[in-house]
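Down below is the structure, laid out as C-alpha cells.
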Amino acid sequence: MKPGRQAAILRAIRDRRIRNQDELRAALAAEGIAATQATLSRDIHELGLVKVSDAEGSFYGTGTDAGAVRPDLGQLARTLLLGVDGVGPLLVLRTAAGSAGALTAAIDAAGWPEVIGTLAGDDTVLVVTRGPREREAVAGRLRRY
C-alpha cells in the first residue's frame, strides 16, 4: 500500500503542479487512494519532496527540482525498491510504478565510486557499475536497506 501510494504521489507531482496537501490528497483520491494529512506529511518527508517556487508560485517537487535537498537513499530504497538483480556490471532494480526516477536521483546523489551511471524507466532502474565485483557490492548495499 505505502509503495503504491508513494509512487502515485511521485506521478502526481511529475504530471502536474501540486501546490498543497489538499491538492495532493485530491490527486490521490482521483486514483482511488485515500490518505490522511498525517500520512501525506510522512510521505512527503520520506520521499524528500520540497516546495519549489517559480514565477507562477510554489509547488511540490523532488529535491533535484529544487537543486538543493537530496532524497534520502536509504528511505527511498526501503520504501520503493522491490527487487535487485544483475549480471556482469549491470544491476537492474525494480521499483514501485512511477518511482524509478526518484530512486535513480538518490543513487546518483550518493556518489558511489562503483557506479558509472544510471538510467531510469518508470518502474526499473539500470545501474552500470565498473564490474561484476562492484555490482555485487552495490546490490548488497541496496539489499541491506
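Derivation of every value follows stated rules applied to the coordinates shown; laboratory data play no part. The shown structure was predicted, so the numbers you read here are calculated from the model rather than taken from an experiment. Neighbour counts run over all protein chains shown; Cβ positions are idealised from the backbone, glycine included.
Points to keep in mind about this one:
- Answer label for mean projected area of the Cα convex hull in nm² (calculated), chosen among [x] 9.0; [y] 10.1; [z] 8.3: [z]
- Between Leu81, Leu47, Leu24, the GNM of the chain built on Cα springs shorter than 10 angstrom shows Leu24 fluctuating the most.
- Degrees separating the helix 2-15 axis from the principal Cα axis of the chain, which is the longest one: 70 degrees
- Restricted to Cα atoms, segment 73-144 shows a radius of gyration and a Dmax of 10.6, 29 angstrom.
- Relative contact order %, segment 2-66, counting alpha carbon pairs below 8 Å whose residues are six or more apart: 30 percent
- Here the Gaussian network model covers the chain, with springs between Cα atoms less than 10 Å apart; of Ala110, Ala30, Ala102, Ala30 fluctuates the most.
- Take every DSSP beta bridge whose two residues both sit in segment 73-144; close to 100 percent of them are antiparallel.
- Backbone N under 18 Å from the Arg42 label point (7 Å along Cα→Cβ), restricted to segment 79-123: 79-81
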